[in-house]
Amino acid sequence: MAKELIWVVDDEDDILELLQYNLSREGYTVTCFSTGESALKAAAQSTPDLILLDLMLPGIGGLDVCRILKQSEKSRQIPIIMLTARGEEADIVTGLELGADDYITKPFSPRILIARARAVLRRIQDTIPSDDQSLKIEDMVIHPGQFSVQISDRSVDLTATEFRMLHLLAKRPGWVFTRGQIVDAIHGEDYAVTERSVDVQIAGLRKKLGDYGDCLETVRGVGYRFRVRS
């Protein structure tokens, strides 16, 4: 699969160009935003793996963008590295208290920023359950090693492809996967999967999961995510 998707939110064109060039060279997919409003609008539809967020933005400031993202169930898990020219301790402390993962002060070396981004992405990845680790969600248990799913004392009969889709979504609750990402995750197995057939598979999964079927949430125009019921 492709490397992680990183959003850069900054109102300085030279910073956007610098980071897009250097991050793309490292193999990351990069999307740039010049305002906090545009980034928040995009976050309502899709989910990046990391956001590099300038604090000094026109309109909605970086701290407010961070606050809004961290208050939303859909986006609170997205790691954020703050970019600040101020170097003021109060802003840094506020950002970290809001849930930002790290900060870097302008001017910065692209190599240092990339190293910090890698460290945050690696730390987040380490918190994701491994592919052989069982997942327990209320009274549903997903056993990757056994390719089995149990709800209470009932075994759920899934095809191999249905199981892989469920496990992919459930191990990162709240994370939005496009249909293409779902296809890529199970590509190469003995079941032919296309983006269109993903919808059919999800519909079948919902029926088989019964009351847990509504945990497989459609994100209109994007794909699917696993929503943990409150």
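The values are calculated or read from the model by the stated rules, or taken from the named source; none is laboratory data. Because the structure is predicted, anything quoted here is derived from the model rather than measured. SASA here: full protein model, heavy atoms, side chains in, ligands and nucleic acids out. Shrake-Rupley method; radii C 1.70, N 1.55, O 1.52, S 1.80 Å.
Here are the numbers:
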quantity	calculated
Largest-first ordering by accessible area, 1.4 Å probe, given options D132, D11	D132, D11
Protein accessible area in region 1-94, 1.4 Å probe - carbon and sulfur %	49 percent
Isotropically averaged projected area of region 31-142, using the convex hull of Cα atoms (one quarter of hull area), nm²	8.4 nm²
Sequence-separation-based contact order of the chain, relative, with Cα cut under 8 Å and 6+ spacing, percent	14 percent
Percent of beta bridges antiparallel (DSSP, region 17-158, rounded to nearest 5)	55 percent
In Hz, Karplus ³J(HN,Hα) per residue of region 93-105 (6.51, -1.76, 1.60; θ = phi - 60°; x = Gly, Pro)	4, 4, x, 5, 5, 6, x, 4, 8, 6, 8, 9, 9
For the chain: accessible area per residue (Å², 1.4 Å)	52 Å²
Sequence of D211, D102, D10 when ordered by accessible area, the most exposed leading, probe 1.4 angstrom	D211, D102, D10
Relative contact order (percent, whole number), region 1-136, Cα cutoff 8 Å, 6+ residue spacing	20 percent
Hydrodynamic radius by Kirkwood, which averages 1/r over all alpha carbon pairs of the chain, in angstrom	19.0 Å
Residue-level accessible surface for D153, protein heavy atoms, 1.4 Å, Å²	140 Å²
Aspartates and glutamates whose Cα lies under 17 Å from that of K106, excluding same-chain neighbours fewer than 8 positions away	D10, D11, E12, D13, D14, E17, D54, E88, E89, D91
